[in-house]
Amino acid sequence: MSVDGGVDEPGWEVDPDDEWGIAVLATVGRQLRLRREAAGMRVAEFAVAVAVGYGEDLVYKIEGGKRIPRQEYLDRSDEVLDAGGLISATWEDVKRVRYPKQVRDLAKMEAKAVELQLYDPLNIHGLLQTPEYARALLLMRRPAYSHDEIERFIAARVARKAVFEREPAPEISFVLEEWTLRRPLGGRTVLRRQLEGLLEAGQLRNVELQVMPMDREEHAGLAGGIDVLKFEDGSAVGRSPAVASGRPVSEARQLRILELRYGIIRAQALTPRESTAFLEQLLGDT
């Protein structure tokens with residue numbers, strides 16, 4: 001607990017293995033500290049003046065590059081220190097490192113891929129989730145995430161959706177499990193909006209959605225999810241719990257296994273047209 005009642009919640013600490021994130025936050029923190037000292041303000045005084053629930057402990061952590069500041073903290077610091085927008089402008093750099101490193105790394109690969117093959121047997125794939133659906137999933141996690149962690153993860157998931165807006169557009173295929181489309185996680189309204197979002201995504205010319213019905217007697221995806229990303233230079237990277245303990249792989253033999261399984265899964269699922277009709281019927285029943 002900080003001196004003014006602000007709580008140091010988890011989820012906004014910088015990853016100790018994130019070298020780029022550490023460098024960005026160290027630079028921002030140093031600028032804040034130098035400007036505060038130049039203004040002749042002590043840490044306790046500054047925390048009260050900023051008044052966004054950050055106490056002395058959090059101010060010290062931010063100035064030491066140990067914690068990711070929120071945008072409101074930077075904006076209020078800019079006002080208190082009369083920085084003319086220079087501190088507020090650092091948010092452009094900070095917001096790039098507020099997402100966990102592994103999420104940023106994944107987003108970088110997705111941004112470069114020319115083809116994505118994606119199958120999640122447990123949930124609607126993260127790239128297709130609406131913010132409301134993502135929030136419902138995150139709220140169900142036990143032990144529970146803090147409010148800040150949930151907001152951070154949702155922002156990261158939404159940011160990854162930029163892959164749909166790229167030019168030239170990558171080819172993206174998804175296989176969705178029927179049962180994930182029927183469970184009303186977060187409530188019927190949340191599910192209905194999610195189904196509408198899936199139909200909107202399926203209308204994109206570069207996106208194919210296929211549904212794996214629950215009544216299939218054969219299913220090649222029982223070993224777990226599959227992600228395969230292919231790049232313009234002919235290289236690729238894949239990931240599945242069934243291969244290399246879920247670590248990303250780029251070796252040709254392992255990629256062939258993933259692509260073979262994904263191809264069979266697609267063949268066993270409904271066609272894209274049948275899947276669209278299925279989603280429309282499911283939406284009508286929801």
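In terms of surrounding Cβ atoms within a 10 Å radius of their Cβ, ILE22, ILE87 rank from fewest to most as ILE22, ILE87. Relative contact order of region 101-285, taken over Cα pairs closer than 8 Å and 6 or more residues apart, is 27 percent.
Label-to-label distance for GLU259 and TRP179 is 3.1 nm, based on points extended 7 Å past Cα in the beta-carbon direction. By the count of neighbouring beta-carbon atoms within 10 Å, fewest first, LYS230, LYS66 end up ordered LYS66, LYS230. Sparse packing (at most 15 other Cβ atoms within 10 Å of the Cβ) combined with a DSSP loop state is found for the following GluC sites (Glu not before Pro) in region 195-229: GLU217, GLU218. Evaluating kT/(6 pi eta Rh) at 25 °C and 0.890 mPa s, with the Kirkwood radius of the chain over Cα pairs in the Stokes-Einstein relation, gives 115 µm² s⁻¹.
Neighbour counts of other Cβ atoms within 10 Å put ILE226, ILE150 in the fewest-to-most order ILE150, ILE226. The charge dipole of the chain, taken about the Cα centre with unit charges on the Cβ atoms of Lys, Arg (+1) and Asp, Glu (-1), comes to about 320 debye, rounded to the nearest 20.
Any read-out appearing in this document is the output of simple, stated calculations on the displayed coordinates, not a laboratory observation. All values reported here derive from a predicted model rather than from experimental measurement. For neighbour counting, all protein chains shown are included, and Cβ atoms are generated from backbone atoms with ideal geometry for every residue, glycine included.
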